[in-house]
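Accompanying notes for the structure given below.
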Amino acid sequence: MSLNIVNNATCTFCGCVCDDIELHADEERIIEAKKACVLGKAWFLNHTAERLYPEALIDGKEATVDEAVEFAAELLDAATTPLVYGMSNITCEAQREAVGLAERLGGVVDSHTSL
Amino acid sequence: MVLVDIRETKSVKASDIFLQIRPGKDFEVITILRALVKEQPVDESQVQETGLTLEQLQDFVDRMKKAKFGVFFFGMGLSMTRGKHMNSAALLTLAAELNAFTKFVAMPMRGHGNVTGADVIMRWQTGYPFAIQFGRGYPRYNPGEFSTVDLLVRGDVDAALILGADPGATMPQPAIDHLARIPTICLDPKVTHTSRLSRVHITTAATGISAPGTGYRMDEVPLPLRPALKSPYPTDEQVVRRIHEAVLKKPDWLQQGNRMALNQV
Ligand code: SF4
């Protein structure tokens, strides 16, 4: 199996966002995370590329992403004041989309900063 | 390093001076410091209430003024205890006022990965860092009114989209109860506590591990993410964009509202 080595990978587990991690990975999982702290190691080694969860759930039942996206849009559009919350463990690109969505919905957008 | 806390923590060993203040007196301490910085007289009885002496506080002020570059690092002990946002605001004001003497900044300590990015992105798009309400068609900012825990506990929102967070595991129970009552949609690499009380869960790629993009470090330095794995799941960015596109196909509530208002005239 070929080993993929990523130099200067970025850890997003905590606010320090260390950007000098050396990752060794095969197709499915990260085997080593050099220079990461205990928390960072656990973060990198715990997430794999396996299919461990259903792609989507609607009311607890398995569904396709297409169905889930459509239903999510319906629920959010039907609401008077929907809340978009969290935003900490996602990329800036995803955050940008989320703010745009909240604006269109006429809702609220908020992050962990408010805690 | 000067450490201010209500109890002796492990960080005391790393600090040069430890100031132990009474619980819930953060605002009072900061306000007295602000007065001392401006060489205003302070009331002895008010100093006593804080658990510190006037000498300790004056010494602290002298050190801050003498520093070439000072930083306040503050955490939830300040922003989540009595006074809440007002404590944070007071500290930011103190940092601003110290700039009449030297360079001083205040920086929140961050627990979660890219929460700094959330601040930066929201500031860029709306002018405000968090707790933003678009209900009038333009952004309004008011922590305490539009911050999540307050909104949920009061029951002021009627749907929720949760991204990169697990409030179902961490928030106060009344907030969790409201999330379970309203239709909640949750995007996460794992099926979480929040997913279980949600009507919709969509599994997404893990940020920085199998999802590429940008993340901000606590001191607002943007860093590229270099994912080592390929996920079988879509990224948060892709899913949010698709939800946004699906919503855009529906009639725009704001234009409808405007039309109704015009018809009434
Ligand atoms: S390696 Fe450790 S300190 Fe660095 S960002 Fe990850 S969790 Fe934080």
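Here are the numbers for the structure shown:
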{"read-out": "Any helices (runs of 4 or more DSSP H) falling wholly within the range B:165-265 and containing at least 3 residues that are farther than 26 Å from residue B:76 by Cβ", "value": "B:236-248, B:253-264"}
{"read-out": "Cross-chain or 6+ apart pairs with Cβ under 6 Å, the range A:9-22 first and over 15 Å from residue A:47 (Cβ atoms), then near the ligand (Cβ under 7 Å from one of its atoms)", "value": "A:18/A:11"}
{"read-out": "Of all residues making up the range B:56-82, the number that are exposed (fewer than 14 other Cβ atoms within 10 Å of the Cβ), touching a residue at least 40 places away in the same chain (Cβ under 8 Å) and under 24 Å from the mean Cα position of the chain (by Cα)", "value": "1"}
{"read-out": "Filtered residue count, the range B:3-46, keeping only those that are assigned to a loop (DSSP other than H, G, I, E, B) and free of Cβ contacts under 8 Å to residues at least 24 places away in the same chain", "value": "10"}
{"read-out": "Segments classed as strands (runs of 3 or more DSSP E), wholly inside chain A, with at least 3 members that are more than 13 Å from the ligand (Cβ to nearest atom) and either crowded, with 22+ Cβ neighbours inside 10 Å or at the interface with another protein chain (Cβ under 7 Å from one of its Cβ atoms) (or both)", "value": "A:56-58, A:82-86, A:108-111"}
{"read-out": "Those residues of the range B:130-159 which are crowded, with 23+ Cβ neighbours inside 10 Å and more than 7 Å from every other protein chain (Cβ to nearest Cβ), in sequence order", "value": "B:152"}
{"read-out": "Residue list for the range B:110-129, filter: of a type in the set (A, V, I, L, M, F, W, C) and at the interface with chain A (Cβ under 7 Å from one of its Cβ atoms)", "value": "B:115, B:118, B:121, B:122"}
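Any read-out appearing in this document is the output of simple, stated calculations on the displayed coordinates, not a laboratory observation. The structure displayed is predicted, hence computed values, not measured ones. All Cβ positions, glycine included, derive from the backbone under ideal geometry; neighbour counts span all protein chains shown.
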